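One structure is given below, encoded as structure tokens.
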Amino acid sequence: MISRTSRPDTRSRLLLYLLLVLVLAIGALLILFQLRPHSYHGWLLESPKPAADFTLTSGSGERVSLSDFRGKLVLLYFGYTYCPDVCPTSMAAIAEAMRQLGARSEDVAVVMVTVDPGRDTPEKVAEYAAHFNPDFIGLSGTPEEIAAAATPLGIYYEKRGAGGENYTVDHTATITVVDREGRVRLVFPFETTPEEIASDLAALLR
């Protein structure tokens with residue numbers, strides 16, 4: 001009688017043991033997944049260097065410096081409001097990435113700097129950036145100030161076309177990510193998808 005009644009208890013203990021092993025295995029897999037290095041879609045700088053600070057003018061007339069955003073990730077995009085295709089595509093991708101980040105987007109500042117200061121007033125760039133997201137910041141300045149912001153980051157831009165106001169601006173179409181400590185950390189090439197941008201930013205925010 002003792003051996004017969006002990007069999008159900010033995011099975012219960014065995015099932016409990018197997019359940020415990022399964023729970024521990026799942027926990028270990030989750031830990032390993034979290035510790036696994038993120039595979040970045042953008043160009044990751046393994047030895048990031050401090051981004052050169054710059055100061056430009058916002059739509060409200062305030063002077064805004066890159067260093068003002070210390071403690072946040074900063075997405076820097078250099079473009080212009082008359083851009084027919086590349087700039088709206090890139091800005092829309094950033095806006096969608098911010099939407100996908102949800103509440104974590106509060107730790108990201110998106111800043112568009114014009115490469116066409118002759119036509120893009122601070123108010124105009126601010127309005128353009130806000131069209132994609134009300135929290136996006138648009139900045140402009142003198143040609144010398146724009147050059148001081150763009151050149152250290154390797155941003156190229158040059159007017160093309162006829163004189164007067166009928167011209168386009170060839171420019172680098174990448175998105176530069178400056179980390180919380182003010183270092184250039186990541187560069188997204190043109191046509192990086194919103195999902196890829198959001199994934200990389202989420203990894204940097206961890």
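Quick note: the coordinates plus some simple rules give every number you see, no bench work behind them. Given the structure is predicted, the values throughout are model-derived calculations rather than measurements. Glycine gets a Cβ as well: all are built from the backbone with ideal geometry, and neighbour counts include every protein chain shown.
Things to note:
- Structure-derived percent of Cα pairs over 31 Å apart: which label, when the choices are (i) 20; (ii) 32; (iii) 23: (ii)
- Maximal additional length on extending the residue 196-residue 19 stretch stands at 60.0 nm, based on 0.36 nm per residue less the C-alpha distance.
- Distance between the modelled labels on residue 130 and residue 151, one decimal in nanometres: 3.2 nm (7 Å Cα→Cβ projection).
- Each of residue 63 and residue 168 was given a label point 7 Å from its Cα along the Cα-to-Cβ line. The distance between the two points is 3.6 nm.
- Most simply put, the chain has about 65% antiparallel DSSP beta bridges, counting only bridges with both residues inside it.
- Qualifying GluC sites (Glu not before Pro) in region 56-118, where qualification requires a DSSP coil assignment and no more than 12 other C-beta atoms within 10 Å, comprise 62.
- Residues of type lysines that residue 72 reaches as a straight line, Cα spacing below 23 Å, ignoring anything fewer than 8 places off in the same chain: 49
- Where chymotrypsin sites (Phe, Trp or Tyr not before Pro) in DSSP loops with at most 14 other Cβ within 10 Å are excluded, longest remaining stretch of the chain: 1-155
- Looking at region 135-202, the GluC sites (Glu not before Pro) that sit in a DSSP loop and have at most 11 other Cβ atoms within 10 Å of their own Cβ are 165, 181, 191.
- Proxy reagent accessibility, fewest Cβ within 10 Å first, across 170, 9: 9, 170
- Once the Cα-Cα distance is subtracted from the 0.36 nm per residue extended length, the residue 43 to residue 203 segment shows a gain of 56.2 nm.
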